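Structure first, commentary second.
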Amino acid sequence: MSSWSPNPRPPLDGQRFDVVIVGGGINGVAIAKECAGAGKRTLLVEKSDFGAGTTSRSSRIIHGGLRYLEHGEIGLVRESLRERERLLRSHPHLVRRRKFVFAIRDGQGFRSALAIRAGLWLYGRFGKSTRPHASNIEKELEAGSGLAVFDYEDALCEFPERLIAEWLGHAIRAGAEVRNHTDALEIELSGGTVRGIRLRDAFTGEEWRVGCGAVINATGPWVDRFCAQARIGTKRMVGGVRGSHVVLPVFPGAPKTPVYTEAEDGRPIFLLPWNGQFLLGTTEAFDDGDPGDAQPSQAEIDYLFAALHRLLPRNGLTQGDVRYAYAGVRPLPYSPGTVASNIPRGHYLVDHADDGAPGLISVVGGKLTTAARLARDCARRIGIKVNEPAIDLCAVPSSDGICSALRQWAHQVSGVLGISRETAFAIAQWHGADALTVTRLAASDPVWRTSICSHSPHIVAEVAKAVRHEKAVSLGDILLRRVPVALGACWTAECSQEAAEKIGYALGWPLSRIDVELENFESERSAFLHPRQGTRTPRLTQRGGRR
Ligand SMILES: Cc1cc2nc3c(=O)[nH]c(=O)nc-3n(C[C@H](O)[C@H](O)[C@H](O)COP(=O)(O)OP(=O)(O)OC[C@H]3O[C@@H](n4cnc5c(N)ncnc54)[C@H](O)[C@@H]3O)c2cc1C
């Protein structure tokens, strides 16, 4: 990364907090929101950017845990279904109920049709979900004739990055101090308990010491690395299991519905319509390396393609069509000798009092779906009184009810002069009720109404919100996570250049900063997404414009 300094952030040195949370993935952010909401003086530190770790490398399914049913983890299924419903109600613009299909090759599957029917019936009963209509599912999958198809209901959060940004906003408004690009180095113990923590600002290299009564280690797959770095001797907690995805273009005969299928070894594979593309994943490979360096191996890509061809033999895709490939490491409990698929998927908390560090708690496991529940458990562990929010599973809102909230937000945004209906809907989808903050900015100056890139409906006002209210600092924070247009189907290096110039101009960055930001952004994008040729070189239409 080339070096530059954003506007210096106020030093934290000498400040005192009730609780310091290390790690700004979905779990750390949820914990910060819970602690700050309870009136605790809270600091959240993240060495990279919020959501840049495992959270943005997941399959993005908010699931009740259908596959946990097979492993007999009934409690986890019930908990996940309850959390799924809460998210559907609280974030209807980001978490959407979707009809999924379970598709297996007739007579060749690892699971019998009877077992699948029984499992789906039970899953539907636990979730009290209405059975989705089965119309057209077979048609959507007609390219793969000979499939046995079963439908069920689950949910997708296409952009957990945005869910994190919203929770971050809640935490900040409740008084939390949140710092990305800040590494937690070492925990200070004295008198037999946690007294403070040493931090380093990644931009300036400045080191600070802050006082605190509790530290929550929410570093996901880095949990053991953080303890080692902080010089806390403890037994190993996490056994990293890498999971890879490939992102594919829409192809003839592609299903419109998320599909759950089996790989040749019986493992579950998802083919998900996502962000104008298809997400195909995932794999399970033990990985002891730095989770930040995880990348898909050729064997994993071959495995995913074999599963795709088994599901839809006439899909017409080759590995040359892969647009992106990314990998993340699941922070699963260390379970030597256990097959990865059999490792329990629930979360638990480790109190390090026995390791001579009372006041330090490590978070192990967890999922996007259950992050809020994990945060409540964690808050209770440090003495905060938290009740489980009530939920009436019988009163499932209709999908129409959910869409009407979105339509209402979009309608409010489209009232601003110069904002198209498409842009209004795109803003409402990513910002929900906060779309009004974007609207106010957009109304104040035409520069904020400019599109980030000429073929994206998203506008520069969203960037201003990201910087002012959601702690985005670098171009990568903006384009990959707060306003994640760079994950889109037609993003190229030319789009990066255009976006950097427009954002730099609107935010008043000097030219030298725009250059450095662009260079850093392109390296981050490559290290994360491994873009293939088509997404690196601009494609020109006959008129000379981009597609
Ligand atoms: C391939 C794959 C698919 C998945 N699919 C799903 C799914 O569909 N649905 C679902 O519910 N769950 C899914 N999961 C699980 C889910 O994504 C993770 O369990 C969850 O994102 C973990 O969040 P986290 O906050 O614990 O960790 P992370 O998101 O990894 O956050 C930890 C953060 O800690 C930071 N950090 C590390 N060390 C330090 C330090 N010293 N100082 C400061 N910060 C530090 C890191 O930079 C990182 O951002 C999937 C996981 C994988 C890998």
Task: For the range 209-313, diffusion coefficient by Stokes-Einstein and Kirkwood Rh (Cα), 4 °C, 1.567 mPa s, µm²/s - done: 79 µm²/s
- [ ] Normalising by the residue count of the range 156-283, find the relative contact order in percent from Cα pairs under 8 Å and 6+ residues apart.
- [x] 15 percent
- [ ] Ratio to report: Rg/Rh of the chain, with Cα atoms as the point set and Rh obtained by the Kirkwood method; give two decimals.
- [x] 0.95
Task: Reachable aspartates and glutamates from LYS256, criterion Cα separation under 14 angstrom, eight or more residues apart if same chain - done: GLU138, GLU140, GLU142, ASP151
TODO: Sequence neighbours fewer than 8 away in the same chain don't count; with that in mind, list the aspartates and glutamates whose C-alpha is under 14 Å from LYS40.
DONE: ASP18, GLU177
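If each DSSP helix of 4+ residues adds -39,500 (n - 2.57) and the sum is divided by the residues in the chain, what number results at 222 nm, nearest 500 deg cm²/dmol?
Details: 16 runs with 184 residues, N = 547.
After summing the helix terms and dividing by the residues of the chain, the value is -10500 deg cm²/dmol.
How much net charge surrounds SER512 when only the other residues with a Cβ under 15 Å from the Cβ of SER512 are counted, with Lys and Arg +1 and Asp and Glu -1? All intermediate terms of the calculation are to be shown ahead of the outcome.
Working: positive: ARG513; negative: GLU501, ASP515, GLU517, GLU519.
Value of the local net charge: -3.
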Open item on the list: Using the basic label-point model (7 angstrom from Cα toward the beta carbon), what is the ASP293 to GLN408 distance in nanometres?
Closed with: 5.1 nm
Open item on the list: At 7 Å along Cα-to-Cβ for each site, give me the label-to-label distance between GLU422 and GLU519 in nm.
Closed with: 3.5 nm
- [ ] Send over the per residue convex hull volume for the range 399-529, Cα only, as a whole number of Å³.
- [x] 106 Å³
Open item on the list: About the Cα centre, and with charges only on the beta carbon of Lys, Arg (+1) and Asp, Glu (-1), how big is the dipole of the chain? Nearest 20 debye, please.
Closed with: 1220 debye
TODO: Once you've got the Cα coordinates, tell me which of LYS235/LYS471; LYS235/LYS367; LYS99/LYS385; LYS99/LYS465; LYS33/LYS367; LYS47/LYS235 are over 27 Å apart.
DONE: LYS235/LYS471; LYS99/LYS385; LYS99/LYS465
Task: Cα→Cβ-extended label distance, 7 Å offset, between ALA353 and HIS170, nm - done: 2.9 nm
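Throughout, read-outs are computed from the coordinates displayed, never taken from laboratory work. Every value quoted in this text rests on a predicted model; they were computed, and no experiment measured them. Quick reminder, even Gly has a Cβ in these numbers, built from the backbone with ideal geometry, and neighbours come from all protein chains shown.
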